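Novice: Have a look at this one before I ask anything.
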């Protein structure tokens, strides 16, 4: 196991900021937390986490705050950019400088691609990217990988299907890049032509000799999948309302489609869902997206403890 102290003081802007070995250390720590709720309790006593959310969030923000509080630390920040000086015209660089003066680490979500990298450049403390536009969402990727590892017992030698908005879906981009570092991974990307995976992600996969296919039909892909990663069509990423309305319900996972999948397949979703997963699917034991959300708290506890230097 890697020395977790290597993560101390590091920022996490995109998945490749941490090695596979470092991520494995976080997963092992997360499992210890899951098994023993007192593990690392009070380990961040006296530490402050700034949560700067310029874009709406439920799971990511609450799981980070829950993680920090469970570690004995405290949180400060905002859940709405309208309550920050950004509405007065303050630059992101200045906001970050100020937050870094008060906190030991910063978690930020921002609708602009590249904002997390900019924050890292101006911060005196570690920055954790909680989503920058359609670019990356690395802590969701840690959540996804931990869920796969815990429920399937491995991350390699799997066929993973991504369905829905692959063009703007930052969780898809981050997870695809991360999975590309594992052995014998095949990816199937299922989307309408208007929402296909960006070329830069496909270029990365090709350079790493990752086997992948692009398709439009979900039903025909179901029997092959070990993991199905559903995503919503994101209204906030569209400039044209008509395009959103036309595409928003193009894929709906229901019981009939689930019947085509493997017995041990798992269904993930970064949430929130809208109409892309029917409520009837929730009772299927292969639907693990709410369990996935809880794993997100565990891995964020491990991440914060490691970045802030807890041994």
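Novice: Residue 124 versus residue 45, label points 7 Å from Cα toward the beta carbon: distance in nm?
Specialist: 2.6
Novice: Using r as the Cβ-Cβ distance of residue 256 and residue 66, and R0 as 41 Å, what FRET efficiency do you calculate, to the nearest 0.05?
Specialist: So the FRET efficiency works out to roughly 0.70.
Novice: Here's another thing I want to ask about it. Listed highest first by mean packing, meaning other Cβ atoms within 10 Å per residue, what order do 62-73, 171-182 come in?
Specialist: Ranked by mean Cβ neighbours within 10 Å, highest first: 171-182, 62-73.
Novice: Among 151-157, 227-233, 55-61, how do they line up from the highest to the lowest mean number of other beta-carbon atoms within 10 Å?
Specialist: Highest-to-lowest ranking by the protection proxy: 227-233, 55-61, 151-157.
Novice: For the chain, what's the relative contact order in percent, using C-alpha pairs closer than 8 Å and at least 6 residues apart? If you can, show how the numbers build up before the last one.
Specialist: Values: 604 pairs, mean separation 64.6, N = 311.
Averaging sequence separation for qualifying contacts and normalising by length gives 21 percent for the chain.
Novice: Could you order peptides 18-27, 45-54 by the average number of other Cβ atoms within 10 Å of their residues, highest first?
Specialist: In descending order of packing, they fall as 45-54, 18-27.
Novice: Where in the range 93-118 is the amide nitrogen less than 19 Å from a point lying 7 Å along the Cα-to-Cβ axis of residue 80?
Specialist: Residues passing the 19 Å test: 109-111.
Novice: Run the helix sum for the chain: -39,500 (n - 2.57) per DSSP H stretch of 4+ residues, divided by residue count, reported at 222 nm to the nearest 500 deg cm²/dmol.
Specialist: Here the helix-only value at 222 nm equals -11000 deg cm²/dmol.
Novice: May I ask for the angle, rounded to the nearest 10°, between helix 289-307 and the longest principal axis of the chain, with both axes built from Cα atoms and the value confined to 0 to 90°?
Specialist: 30
Novice: If you fit an axis through the alpha-carbon atoms of helix 59-70 and take the longest principal axis of the Cα set of the chain, what angle between them do you get, 0 to 90°, nearest 10?
Specialist: It is inclined by approximately 40 degrees.
Novice: Give me Rg/Rg_expected for the range 138-293, where Rg uses Cα atoms only and Rg_expected = 2.2 N^0.38 Å with N residues.
Specialist: 0.96
Novice: Let me ask you something else. Using 0.36 nm times the number of residues separating residue 21 and residue 37, minus their current alpha carbon distance, what extension gain do you get?
Specialist: Result: 3.3 nm gained on full extension.
Novice: What is the projected area of the convex hull of the Cα atoms of the chain, averaged over all directions, in nm²?
Specialist: Projected over every direction and averaged, the Cα hull of the chain covers 15.5 nm².
Novice: Fully extended, how many nm does the chain gain between residue 290 and residue 196 (0.36 nm per residue separation, minus their Cα-Cα distance)? Write out the running numbers ahead of the final one.
Specialist: Details: separation 94, 0.36 × 94 = 33.84 nm, distance 2.63 nm.
Taking residue 290 through residue 196 to full extension adds about 31.2 nm, to one decimal.
Novice: Here's another thing I want to ask about it. Can you give the angle from 0 to 90° between the axis of helix 170-179 and the longest principal axis of the chain, with both taken from C-alpha atoms, to the nearest 10?
Specialist: Relative to the chain, helix 170-179 is tipped by roughly 80 degrees.
None of the figures in this text is laboratory data; all of them are computed from the coordinates on show. This is a predicted model, so every value here is computed, not measured. Cβ coordinates were reconstructed from backbone atoms using ideal geometry, including for glycine residues, and neighbour counts include every protein chain displayed.
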